[in-house]
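Nothing in this text is a laboratory measurement; each read-out follows from the coordinates by a stated rule. Only a predicted model underlies this, so the values are computations on that prediction, with no experimental measurement involved. When we count neighbours, we look across all protein chains shown, and the Cβ atoms used for this are built from the backbone with ideal geometry, even at glycine.
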Amino acid sequence: MNTSDSERLSSGFLQMGFDPSDDLDTADVVVLNTCVVRQSAEDTATGMLGRLAKARRQSTHRTDQMVAVMGCMVGPEQSDLKRRFPQVDVWARPQQFAPILETAGIRHGLDPEGCLTGAVPVNPHVASFIPIVHGCDKFCTFCIIPYRRGREASRSASEIVREAELMVERGVKDITLLGQNVDSYGHDLRPRMDLADLVERVHEISGLERLRFLTSHPNDMSVRILEAVRDLPKVCENINLPFQAGDDTVLVNMRRGYTRDQFLDKIAQTREMIPGVNLTTDLIVGFPGETDTQFERSLDVLREVEFDKVHVAQYSNREGTFASRKIPDNVDRAVKKARLGMVDELQQIIQTRNNAKLVGKRFDVLVEGSKRDRLHGRNRGDKLIYLDGLSTHDLRGQGVPQPGQTVNVEIVGSSPWSLEAELIGSSARQEKVPVA
Ligand code: SF4
């Protein structure tokens, strides 16, 4: 979400006539886009603000530099922030681009008119994001998001479709629709609609090859949404379904709203409706009060489901949440670390085994660019695939696949985190095939 917001704001600046700079000393405007989902992220942001203030006092930075802070660090109440960081010129809540662009425009005699709405990235990545619903109404006890990003607010479908059309015109092939709880899209719109309705409309855009959505809540992942993934050719068989804990008492304490069995039923239903679906998840270890036995139940879920990827985090107390006020953070830091290690170790075994099964299989890969001097892309299941023998050096060569091109490959090697493939040919096909 933050990457997407940064791209959009940066596009607004470019349209106003600003150029990008990576030099903090000489930049006219510095915007710090903040994530505070964990306390450590907020500490990093406040540390950066402290360094900027010090540099300004010592005149190593321009004294007339405009500093703006946006993102989750900026809640509805800002008086404390303003008192602590008087050097900040603009405080903007998530997606509030207007005050930043307007202030920069006033300072530099540039007109932000027309640059504020629909800030679509000028040179978007071939695989890009579109936020469709902001905020969250779930209030899980460990999470700061509803307090900082606010209650759920869906963007209008026509605005999203217009934005997606523009992105496709600018070269985007793979769009991910984003929301903290993307499945609840549309319940607040009149007439009411849902994510499946929106997916159907975006799917119609000519030139778009792949469509995904992120992140889902198990309780809001409806049959209609699963049917859209199953039936619409461009919608990728790739779903992130966070379970967060495998023990029912911990799930109640997290206020997740489902039991372990209900979560596993949702996984079974998803696999039954979408054979070969790629499943990823999010998991917290060391939630307050989590015993070794309760943690073992999380490992059991990982063994049973065999997710393609797990985003695992150690619980950390987040001031302002229900858990920070009511549930003491009583699991020892060393225990949390050990549990994190156990999840990583188990997932490494699962992913090694599952990825090895893909050797010899063929996939369509959307080429995205280069990493570690090798061309890479992703298949419909979001697996990272390196193209053997094709380096960054070849990127401009004749007959070499370019970013945005879909090629057919055969998998020749695997690791827990990625696959290696040989090029077979270009692919113009858009078929609904089970993916691993
Ligand atoms: S559903 Fe996700 S974003 Fe919403 S409160 Fe729970 S963890 Fe936070």
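Brief remarks on what is shown
- Per-residue HN-Hα couplings for segment 239-252 [Karplus 6.51, -1.76, 1.60; θ = phi - 60°; Hz; x = Gly/Pro]: 10, 9, 10, x, 10, 6, 6, x, 10, 5, 5, 5, 4, 5
- Taking N as the residue count of segment 51-191, its C-alpha radius of gyration divided by 2.2 N^0.38 Å amounts to 1.24.
- Spherically averaged projected area of segment 127-356 from its Cα convex hull (nm²): 12.9 nm²
- With helices as the sole contributors, the chain gives -10500 deg cm²/dmol at 222 nm; each DSSP H run of n ≥ 4 counts as -39500 (n - 2.57), and the sum is divided by every residue.
- The HN-Hα couplings worked out from phi for segment 32-37 by the Karplus form 6.51 cos²θ - 1.76 cosθ + 1.60 (θ = phi - 60°) are 9, 8, 9, 10, 10, 4 Hz, whole numbers, x standing for Gly and Pro.
- Rh by Kirkwood over Cα pairs, then Stokes-Einstein D for the chain at 1.002 mPa s and 20 °C, µm²/s: 91 µm²/s
- Among the GluC sites (Glu not before Pro) in segment 1-80, those located in a DSSP loop and surrounded by at most 12 other Cβ atoms within 10 Å of their own Cβ are 77.
- For the residue pairs 54/337; 173/266; 138/357; 309/361; 54/138; 138/173, alpha carbon separations beyond 28 Å are given by 54/337; 173/266; 138/357; 54/138; 138/173.
- Highest average packing first - 65-76, 225-236, Cβ atoms within 10 Å: 65-76, 225-236
- Euclidean distance between Cα centres, segment 60-107 to segment 258-320, Å: 38 Å
- For segment 267-382, the Cα gyration tensor yields ellipsoid semi-axes of 33, 17, 15 Å (square root of five times each eigenvalue, largest first, whole Å).
- Isolated Cys residues of the chain, judged by Cβ distance under 4.7 Å to other cysteines: 35, 72, 115, 136, 236
- Relative contact order of the chain, taken over Cα pairs closer than 8 Å and 6 or more residues apart, is 11 percent.
- From phi via Karplus (6.51, -1.76, 1.60), per-residue ³J(HN,Hα) for segment 215-230 in Hz, x at Gly/Pro: 10, 9, 10, x, 6, 9, 7, 7, 4, 4, 5, 4, 5, 4, 5, 5
- Of the trypsin sites (Lys or Arg not before Pro) in segment 41-114, the ones in a loop by DSSP (not H, G, I, E or B) with at most 15 other beta carbons within 10 Å are 62.
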